[in-house]
1. Taking the Cβ-Cβ separation of Thr274 and Val48 as r and a Förster radius of 51 Å, what is the calculated FRET efficiency to the nearest 0.05?
2. Taking the Cα centre of the stretch 482-691 as origin and charging only Cβ (+1 Lys, Arg; -1 Asp, Glu), how large is the dipole, in debye to the nearest 20?
3. Within the stretch 533-560, list the residues whose amide N lies under 18 Å from a label point set 7 Å along Cα→Cβ of Tyr584.
4. Between Arg487 and Val85, what length comes free when the chain is fully extended (0.36 nm per residue of separation minus the Cα-Cα distance, one decimal in nm)?
5. Could you run the Karplus curve 6.51 cos²θ - 1.76 cosθ + 1.60 with θ = phi - 60° over the stretch 665-678 and give me ³J(HN,Hα) per residue in whole Hz, x for Gly and Pro?
6. Subtract the Cα-Cα distance of Asp676 and Ser574 from 0.36 nm times their separation in residues, and report this length gain in nm to one decimal.
7. Which net charge results when you count Lys and Arg as +1 and Asp and Glu as -1 among the other residues whose beta-carbon is under 14 Å from that of Gln44?
8. For a quick check: with amide H placed at 1.01 Å from N, whose amide H comes under 5 Å from Tyr240's, ignoring anything fewer than 5 positions away on the same chain?
Amino acid sequence: MPGFADSFWSSDYAAANSFFLSFLFLGLGILFSKLQQGVIENRQLLIVSRMRAEAEELYGQKLGEIPLTVDKVQGGFSRDDGASVRKAYEGVRTEMEDAARNHRKIAQNIRDLVVNPFSRWCDAHEARIQDSQDELQTRIKTHDRQLEQVKKLRNNYFNKSRLLEDLEEENKLAFQDPETSPKNKIPEIKVDKEEGPEEEEEPYEIGDETYQPDQVKKILAHMLNNIKMGETKVPILGTYQNTSAGSDIVEYLQKNMNTSSVSYAERIGQDLVTHGFLRLVGNVGNTFANSSKMSYQWRPKAFQLSGVPEKKAALGRTFSLNAAGNDPNSIDSPVIGTVNEYLEKWNMLGTAFPNETPSDRMRREAREADERYKAGVRRLDELRCELEEAIFDHLRFLERCELDRLKAIKTVVLDFSGTISNVIPSLQSTVDKLVLYQETVQPLGDLRYLLENYRTGSFIPKVVTYENYYNRVDEDTFGVDLEARARADKKRVPIVVTTLLTYLDHHYPDLEGDEARRNVWLIEVPLHQVHKLRAKVNHGKTFSPEILQEFDIPTIASLLKLYLRELPDSLVSSHVYEIIRTIYQTPAGEMPDDARRVPVLQQTLSQLRLTNIATLDACMNHFTRLIELTSADETYVTALATTIAPCVLRPRVESSLTMEERHAYRLVRDLFAHKDAIFSELKRLSALTHSSSISRPSGNLAAATAPGVGGGPGNGGVGNRPRAISTDESNRKAHMEERTRALLEKANGGRSRATSPAPSPRASTHRRERSIGGPETRFPIQTSPTASGERHRQSIGPILGVKRSSLEVPGDGIAAAGIVDPSTTGANGGASGLEASALPADGTSSGSPADKRSNVNRSSVRFVGGRRIVPVAAGGSAGATGASTAGAAAPASESGSVDESGSHRHSQYAVTLVDRPMD
């Protein structure tokens with residue numbers, strides 16, 4: 001069951017424009033309204049007990065008056081001493097006295113056991129609730145003020161940065177030609193038109209409130225008409241009109257603006273000075289104080305805004321220094337105004353930057369505004385953390401208070417029934433009902449009812465991060481978008497996540513027993529301790545794991561949960577929340593089984609960004625490995641999934657409907673159960689998406705020219721074997737040069753050639769090799785003795801290695817080596833032809849086993865310019881190797897040149913290919 005600490009939060013618990021609205025209509029306001037309702041319930045129960053005691057007391061008094069009243073009657077049962085009827089009467093009379101005594105005892109017991117102790121407890125309980133409410137109000141109000149200050153600092157920083165950027169752009173364009181230089185007056189006109197109305201409509205912040213211009217107009221008009229104004233004479237400077245003493249202004253503020261203290265009134269007066277409505281006369285500076293000796297002049301701005309006419313100076317009164325040049329529209333002397341402005345700007349004359357250029361001043365101001373904004377954000381973050389800690393502490397405290405109140409009511413009802421049942425057996429049936437009533441009071445049930453019907457949301461902190469003008473995220477780690485953080489870290493998963501998970505993996509063995517390891521993720525760590533660790537790593541940089549050694553393992557796990565909760569969006573984005581809801585809201589009869597639900601989850605999670613998928617995969621790997629290694633039972637898996645569900649999936653807006661949904665929990669359970677199936681498919685889809693970005697032509701070329709394709713030595717003669725796409729670019733330049741030279745030689749050949757009918761060793765590429773001669777001389781075979789001098793080679797560059805016009809085969813091995821059945825070869829010129837070519841012409845095996853292995857299994861085949869080149873090996877295997885690829889002229893030409901000093905040196909007969917017309 002969730003507690004107060006995780007139930008009465010709201011999305012803008014500390015970010016509303018009005019503090020009272022945010023407090024009254026959000027989570028804390030609802031909670032305190034229910035707690036105040038409990039205080040009233042205590043009073044009602046106390047009133048019932050007190051009135052029952054008074055009723056019992058009155059009833060006892062009336063019963064006690066019965067014997068006294070009866071005894072006043074003379075001549076009745078008192079005259080009959082031995083009658084049985086008198087004994088019955090006296091018994092009845094005695095029962096009346098006993099009944100009166102019993103009822104008075106009941107009244108006294110109710111006061112002693114119920115009214116007095118419960119009254120004291122109710123007063124203390126009400127004081128505790130009020131103290132918590134007052135403290136949280138103060139903290140939230142402080143946070144709101146700092147938030148408004150941060151907004152102002154942010155606007156100032158952005159304005160300064162924008163002005164600096166404009167100045168730098170102007171400096172860049174300053175020395176260009178007149179044709180390209182912009183006109184100087186156009187920006188000035190646009191700025192005046194755009195910025196003028198914004199300054200007029202800007203609201204005023206006076207004290208703790210923000211007023212619109214029309215409200216300020218009414219306030220100033222009322223102040224000018226009710227505050228005492230007069231003249232103030234200042235030696236040398238002359239006489240100031242429309243002045244008021246500081247004490248008069250403070251007195252007005254206390255009467256009309258409900259200022260609770262003099263300091264708050266002085267702060268309002270200081271804001272009036274800051275906005276230009278007042279100024280100090282006769283002294284240096286502009287500080288407002290509650291003093292009758294300090295006078296403040298109402299400036300013309302106040303009269304213009306309020307519409308109250310100014311009080312002009314008398315016509316006959318002049319000043320010796322301003323006899324000439326008086327402005328009839330101003331109540332101040334030019335000399336007096338000049339001297340006053342001189343005194344006000346005394347510090348500006350003694351500036352610390354005397355030789356500063358305008359561009360340097362703008363850079364300095366932008367830098368200072370940036371530093372102030374950073375400091376304000378850090379202060380706001382500190383206040384927010386302190387506020388959240390205080391809210392956590394108070395919510396837990398208030399939960400205990402409410403539980404104690406319910407238990408106290410249970411005790412009061414029990415004591416109330418006991419005071420009656422122990423004295424009056426005749427009221428046993430009533431007492432039994434009271435006992436039954438007190439047995440029906442269930443404190444935990446009432447607390448659960450309160451949570452289920454009035455909770456406003458779980459703990460999802462709203463982080464105000466530093467917004468850099470240039471969109472850099474190197475100042476914060478927490479509260480930053482996950483993909484932006486990963487991009488800044490240059491990792492697929494943010495470094496903070498991998499560091500924390502790795503640290504936990506390394507330190508699980510330090511814990512004693514699997515129970516301690518499993519409880520790492522279930523222990524509730526105090527928020528102030530987690531914030532202490534957060535402050536040490538929240539700097540936007542990579543942090544050392546040594547920092548984590550200062551804290552225990554549950555704090556590290558809680559820091560990771562806090563990081564996931566402070567993300568702007570949940571790990572599984574809220575955009576797919578409705579899809580997840582649809583998956584799990586299927587009726588029980590139509591609910592798909594795991595085999596049908598897993599593909600739907602795969603398709604849904606594939607919509608997430610790669611960073612979210614990778615981070616989710618890392619977390620699920622960690623949790624499933626922890627569950628497996630510690631042999632966790634179903635109870636622990638349920639508790640773990642419930643704990644991390646808000647960290648994995650949250651709705652975009654939490655409402656009373658989403659709070660009761662358990663889709664996030666069921667998603668986590670499915671991720672636990674089907675992690676391998678889900679994430680293997682997601683990784684496959686990610687790999688396909690990534691590989692689709694590779695160029696298709698280059699991929700085909702690499703596949704066609706990769707060693708081992710087809711029947712070459714690289715694959716051991718196995719045809720159609722799938723090969724990975726080669727991305728080797730180490731010899732790209734050399735291959736391009738060879739290809740260029742081959743194209744040039746081919747273009748200069750000047751002869752068109754028909755395609756060769758011989759099968760290519762690279763049949764899978766559907767390329768056909770061309771013979772050397774023209775179409776009129778195709779494959780005539782002449783059997784004649786051939787001398788070694790008749791053999792010649794024709795080189796066309798490195799694209800084909802070495803190409804020749806005649807192919808010599810030993811005479812004894814014509815049938816074995818010169819004519820090869822294509823059916824005996826592989827699909828792409830496979831191992832069969834290659835192994836046949838490795839034998840000498842006489843059909844016997846020559847050379848050592850090592851030579852055979854070198855010729856066949858480890859042949860140094862290389863690919864140049866899209867063709868397979870087989871270098872000539874030493875010894876008797878060279879000729880055979882060249883003559884064995886597919887048994888045709890074109891494959892033989894690709895296999896390289898035959899060394900004239902090789903295995904053909906002993907042959908006297910050969911088959912020679914001569915360029916001449918066919919018979």
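1. Numbers: r = 57 Å, r/R0 = 1.12.
In this case the efficiency is close to 0.35.
2. 920
3. Within reach of a label on Tyr584: no residues.
4. Result: 134.1 nm gained on full extension.
5. Calculated HN-Hα couplings, in order: 5, 5, 5, 5, 5, 5, 5, 5, 6, 10, 4, 5, 5, 5 Hz.
6. 34.4 nm
7. Around Gln44, the surrounding residues sum to +2.
8. Those qualifying (amide H under 5 Å, at least 5 residues apart or on another chain) are Thr232, Lys233, Val234.
Computed from the coordinates by the stated procedures, all read-outs in this text should not be read as laboratory data. Everything numeric here is computed off the predicted structure, so don't read it as measured data. Cβ: placed from backbone, ideal geometry, glycine included. Neighbour counts: every protein chain shown.
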